[in-house]
Amino acid sequence: MRKIIKIFVLMFLLVISFSLNVFAAQRTDINSLIEHAKALDNKEVTVQGEAIGEMMNRGEYSWVNINDGTNAMGIWIKTAEAEQITSFGDYKHKGDTVKITGIFHRACVEHGGEADIHSETCEITVKGITISERIPSGKLIATVLLVPVAAILFFLYYKKSRKVTAEL
Amino acid sequence: MKFRTNAVSSFEIISYYTGYVVLCTALLMTIPIITALVFAEWNAMLDFLISMAIATLVGIALAGIGWRTKQNRANIQWKHGFVIAALSWFVLMILCAIPYCLSGHISSMLDACFDVMSGFTTTGLVLTQDLDHLSTALNMWRHMLTFIGGQGMVVLALTIMIRETSGAYRLYVGEAKDIELVPNVKGTTRIIWRISMIYLAVGTAALWIDGLIIGLKPVSAFLHALFMFESAWSTGGFAPMTQNIMYYHSLSFETITMIIFILGSFNFGLHYAIWQGKRKELVKNIETQSFFITSFIACMLTVYGLSRANVYPDTVSAFRRIVYNVISAHTTTGFGTVYARQFALEWGDFGILIMVIVMLIGGSACSTAGGFKGLRVGIVFKGLIMDIKKLLCSERSRKAYKFHHIKDQLLDDSVVKSSSLIIICYMVLFGIGTMIGTFYGYPLSSSAFEAASVTGNVGLSIGITSPAMPAVMKIYYIIAMYMGRLEFLSVFALIGYVAGGIKKLCVKSLKFSS
């Protein structure tokens, strides 16, 4: 009896894990969109990535660019929805991770043949953070050692150079 | 005044001037340091302080080795000019790569050198990772390198020089620039910089205003405008974001950059002539004629070819995706309005072939552009017509053939021969690049596209250039960018000089042992 229960539990876990894989596969990465652009043209897709740069307001709709680690793509999204994204990725910030479901266009007629996604739903899955800058001690020591030496030598070189120029 | 030229060796002369160029570049690092201070990017600031200190020490060491050059006012010969230009670029490639390495955005020193050479040569191919999180200071440095590389590192050093150096013209020619706008070289280099700085002010202002209109914030719009201008004017192709020009999603932004890179691909002599009121030069010049004819034919053929395959849905799309990319390739800029893989997957062999041809032709001589240049294409074409006419004419008739480039110039066999030789060198470089690509398993069309892009200093990619690319290909692409930009002679002179030095050493050691 215990064996049967064990088999059932294992089967249950396997089924769960397979179904999780199926859910993961529904999300497409941006490089796959480009690689299979003809097949996915005008189809509903789901992408997830970090919002980068900044939102570009174009009236009722805005552009938000997202980078999922494989590539980056423009999302044409309602301004009201785009405003929910508060953190955009740059040197000092990790942008909000957003999950976008929308229609993928290989060569969008509305946007001059651009490959883009017209968002239908937008969900912020992970909030962005401010990246705190940590200075490695090695870098600090190298600066303290090298900069004064270079500055003194340059000053001496410059003085000598001026002297020779004046003599000539 | 003391002249003891014979006492100074070639090695000392080369070392002194290379050191001088390195010191000028070290001084330039103050700009990213100030940028880092303004934007409170402390890590980036330290990266540039370390790099500046190392560059200063190397510059002083090189100038110190050749110190007697200054004391004796030694003359620069042609061979020195060529070797100094080639060696300066090589040394600077390594020194300017240090901030890239320290930033943590690059996986190896080789990748950093690749990106620096790509910037210097105004190519625009990128191996830097995670561009979207790059510091403003490093972005400033990347775009500065491409902007200065467009005018020339030696040109910049000559501009800063306090007094005219004897043999400065030889240094200037060593960097593949030969136009004389005014009788002295210092005046010419200053005019080149004046032209570039005026366009910098106007172009950045135009892109800044447009950036604000398309929804960028004021400070960010200014930085994007400055970076994109520097890149467009120098026909570079770098951009601050992963998506390159596609980040902006704007027809107006694309159009302004297109005007800038077309202007950037024109000869500085042509700009100067127009500024002096000689507007007819724009129509009469063999280079502009060659550029307009080849770009028109290339655009029409690509639009026709891709419309047959229904790649783009309408005229606006065709302009933004086809004409923009073809002109970007022809001017050797490298801004792309399609993803790299879309060239391979959607444009087909015909589209790729046209792109390869225009990338190899390139822009104008003595401009910021690469490729084997419209001037040479025009000369070889006219030379061919000249030969046909000579064949058809009576043997007794003698006619002088001319071409117009700033002034009327005599078209003789030696001019045609020298142009053809450079074109052959480019084709050999391109051929080897294609062969290496296919050796590593990339398709022929993709290998040819990428090889044309590096040979012509373009920067468009079909997806081959990446950090995962084989190291041999990275090294070859660095060599191809370097040779293509300096138009071979300087690099050949450097190789000859090094080989000559090694030979002398071997002979000496053999004599010593016997």
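The values are calculated or read from the model by the stated rules, or taken from the named source; none is laboratory data. Bear in mind that the values here come from a model prediction, so they are computed numbers and not experimental data. All Cβ positions, even for glycine, are placed from backbone atoms using ideal geometry, and neighbour counts span all protein chains on display. These accessible areas exclude ligands, DNA and RNA; they are computed on the full protein's heavy atoms, side chains included. Shrake-Rupley method; radii C 1.70, N 1.55, O 1.52, S 1.80 Å.
Of note:
- Buried accessible surface for the A/B chain pair comes to about 4700 Å², total over both chains, computed with a 1.4 Å probe.
- Peptide packing: for B:205-214, B:108-117, the average count of neighbouring Cβ atoms within 10 Å per residue gives the ranking B:108-117, B:205-214, highest mean first.
- Surface accessible to a 1.4 Å probe, residue B:199 within the full protein complex, Å²: 50 Å²
- Kirkwood analysis of region A:26-130, using all unique Cα-Cα pairs, places the hydrodynamic radius at 13.5 Å.
- Ranking B:193, B:455, B:317 by how far each Cα lies toward the positive end of the dipole of chain B (charges on Cβ) leaves B:193 at the top.
- Mean separation of Cα contacts under 8 Å, 6 or more apart, over the residue count of region B:265-467: relative contact order %: 26 percent
- Think of each Lys and Arg Cβ as +1 and each Asp and Glu Cβ as -1; about the Cα centre, that makes the dipole of region A:93-168 roughly 920 debye.
- Charge dipole (Cα centre; +1 on Lys/Arg Cβ, -1 on Asp/Glu Cβ; no other charges) of region B:265-467 amounts to roughly 800 debye.
- Positive-pole candidate from B:108, B:66, B:25, dipole of region B:3-109, charges at beta carbon: B:66
- Charge dipole (chain B, unit charges on Cβ, about Cα centre) - positive-most of B:11, B:43, B:213: B:11
- Chain B: calculated mean residue ellipticity at 222 nm from DSSP helix runs of at least 4, using -39500 (n - 2.57): -21500 deg cm²/dmol
- Counting only protein chain heavy atoms and rolling a 1.4 Å probe, the accessible areas of A:120, B:346 rank, largest first, as A:120, B:346.
- Figure note: B:450, B:395, B:12 ranked by solvent-accessible area, largest first, 1.4 Å probe, ligands and nucleic acids not counted: B:395, B:12, B:450.
- Computed 3J(HN,Hα) for region A:64-77, one whole-Hz value per residue from the Karplus formula 6.51 cos²θ - 1.76 cosθ + 1.60 where θ = phi - 60°, is 10, 9, 10, 10, 9, x, 9, 5, 10, 8, x, 10, 8, 9, glycine and proline marked x.
- For residue B:494, the accessible surface of its heavy atoms amounts to roughly 30 Å² (probe 1.4 Å, protein chains only, rounded to the nearest 10).
- Global form of region B:228-315, assessed from the alpha-carbon gyration tensor, a/c cut-off 1.5: oblate
- For region A:103-119, 3J(HN,Hα) computed residue by residue from phi via the Karplus equation (6.51, -1.76, 1.60; θ = phi - 60°) reads 9, 8, 10, 5, 9, 5, 5, 5, 10, x, x, 6, 7, 8, 10, 8, 5 Hz, glycine and proline entered as x.
- Long-range HN-HN contacts of residue B:402 with modeled amide H, under 5 Å: B:411
- About its Cα centre, the protein assembly as shown has a charge dipole of approximately 3060 debye under the convention of +1 per Lys or Arg Cβ and -1 per Asp or Glu Cβ, with nothing else charged.
- Shape call, region B:194-346: gyration tensor on alpha carbons, a/c limit 1.5: oblate
- Using the Karplus relation 6.51 cos²θ - 1.76 cosθ + 1.60 with θ = phi - 60°, the per-residue 3J(HN,Hα) values for region B:90-104 come to 5, 5, 5, 4, 6, 5, 6, 7, 4, x, 5, 4, 5, 5, x Hz, with x marking Gly and Pro.
- Under 29 Å from the Cα of residue B:278 - lysines, other chains or at least 8 residues apart: B:177, B:186, B:373, B:382, B:399, B:402, B:407
- Under a 5 Å amide H cut-off, with hydrogens placed 1.01 Å from N, residue A:108 pairs with A:113, A:114, A:115, A:116 among residues at least 5 apart or on other chains.
- Solvent-accessible area of residue A:131 with every protein chain in place, 1.4 Å probe, in Å² to the nearest 10: 80 Å²
- Equivalent-ellipsoid semi-axes of the protein assembly as shown, from the Cα gyration tensor, Å, largest first: 45, 33, 24
- Ranked by solvent-accessible area (1.4 Å probe, protein heavy atoms only, all chains present), the residues A:108, B:425 order from largest to smallest as B:425, A:108.
- Computed over chain B: relative contact order in percent, which uses C-alpha pairs under 8 Å that are six or more apart: 16 percent
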